[in-house]
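Only the coordinates and a few stated rules stand behind these numbers; no lab work does. Predicted model, so just to flag it, every value in this text is computed and none were measured. Please note: Cβ atoms are built from the backbone with ideal geometry, for glycine as well, and neighbour counts cover all protein chains shown.
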Amino acid sequence: MDDSAASQSVRVWNPGDRIDRYELGEVIGSGGMGVVWSARDTALDREVAIKVIRSSARPEPMQLRLLGEARAMARLSHPNVVTVHDIGTVEGSLFVAMERVDGGTLRDWLSSVPQPWTEVVTKFIGAGRGLGEAHRSGLVHRDFKPDNVLMARGGVPRVSDFGLALELNRAVEAVPVGPDPAEPAVSQESHLVGTLAYMAPEQLLGEKLTGRSDQFGFCVALYEGLYGVRPFAPLVGEAVIPSLLSVIREGRMTAPLASSDVPKRVRAAVLRGLSFDGGKRWSSMDALVAELERCMRRRWRLLSASLVGVVVWALVALAGYWNAASPEGSRVEGAQVAATAPLPVIGTKEGKEKALKFMDEGSIQYNVGRWQQAIGQWSLAYAIYNAPEFLFNMAQAYRQEGNCELAIFLYGRYLWTLPNAKNRDEVEGFITEMESQCAFRF
């Protein structure tokens, strides 16, 4: 069958058409292998995404690839992987019904506003977990990049586009791609699959792929997210693939676009995943993700230590409070009172009354711009009656004072303590504001 006949054998779909029980809405995405539509599952009354092959594509190879994607994704059940609901054919077209993810792609998120390294690493940890689950299921993605990670509600990353997925230890026929490092290409001479800029050296060389091959692409994307530029670029005027291989082998990395606060340990983890020799990379995606999680725990330990300082400060202030209230007025005796007197039990009427008194005094200090005094009073309130609103108040004061790390930590702790807070959107806005204005330095 020639190209024109193949093209005519595939129906052109329009909004309002029905594919099986799915009513098409609008086109929400497209790629080399198909078009993605928003759709409504009329049987279950839910919104889904439908992927069908392009009308101009050669039906047989494209349908095989789409079928391969559906089967690969259907084998995975993980919160960081897009869920496949259904697969079928209608009027010569193969379709896959998937959960609809409306938050755009990870690339959209990265390019929307400058993101702090902590948020970038957090998002990639989620995507890495999904990729690791694919590897445990015996699949290599072969085309991991920010465009192939969708952002679900709440900012949860979900790996998608397993159209090029390869079962471990099984050879498949490669689909031709071309020379542009940033895009899947169409060279008839190449037997590569994927996107050149994110390919591991063994993928560029057409050798056997493993989970460590995906790890390389993951680290290219993470480097790009952290530093605003891909780590390796082909030399101008030279053939793309030989040039990329040479640059990677020699470790000639592209310098970050600007100064960076990314910790050395995070950078070291990424660079290890970018090793030319797959044997020098992390043993698995799980191992890399575990290292990134350790880096993040270290950061939170530092913030927690700062919070301990707040509590200690509160107890010192509390000692001063009891000292002033003691009849003897002696600093030593007052300190002894503070050391031995029991704190009001959390939840008791006495504790709440004292806490509210400190809270009111803190509000007075806050309203006249005395941030430290306000923090002191609210710290006292939280020390004897740890209601979530005291965390919020302290966060507000630290925000006014410009202390990014403690403000973000306390806002986060507030939302963790009170997940259904009515002002959740407002608090998340404060966190975003602080993250965009301030840089973390460790």
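What pairs can you find where one residue is in segment 351-364 and of a type in the set (G, A, S), the other is part of a helix (DSSP H, G or I) and surrounded by 13 or more Cβ atoms within 10 Å (Cβ to Cβ), and their Cβ atoms are less than 7 Å apart, with a gap of 6+ or different chains?
Qualifying pairs under 7 Å: G351/I384; A355/A381; A355/I384; G362/A374; G362/Q377; G362/W378; G362/A381; G362/N393.
Taking the condition of being under 19 Å from G126 (Cα atoms) and of a type outside the set (A, V, I, L, M, F, W, C), how many residues in segment 273-288 meet it?
Final tally of qualifying residues: 4.
Looking at segment 205-246, which of its residues are within 21 Å of L288 (Cα to Cα) and among the acidic types (D, E)?
Answer for segment 205-246, where residues must be within 21 Å of L288 (Cα to Cα) and among the acidic types (D, E): D214, E224.
Scan segment 112-121 and give yes if some residue there is charged (D, E, K, R) and more than 26 Å from E293 (Cβ to Cβ), otherwise no.
Within segment 112-121 (the criterion being charged (D, E, K, R) and more than 26 Å from E293 (Cβ to Cβ)), the answer is no, since none of the residues qualifies.
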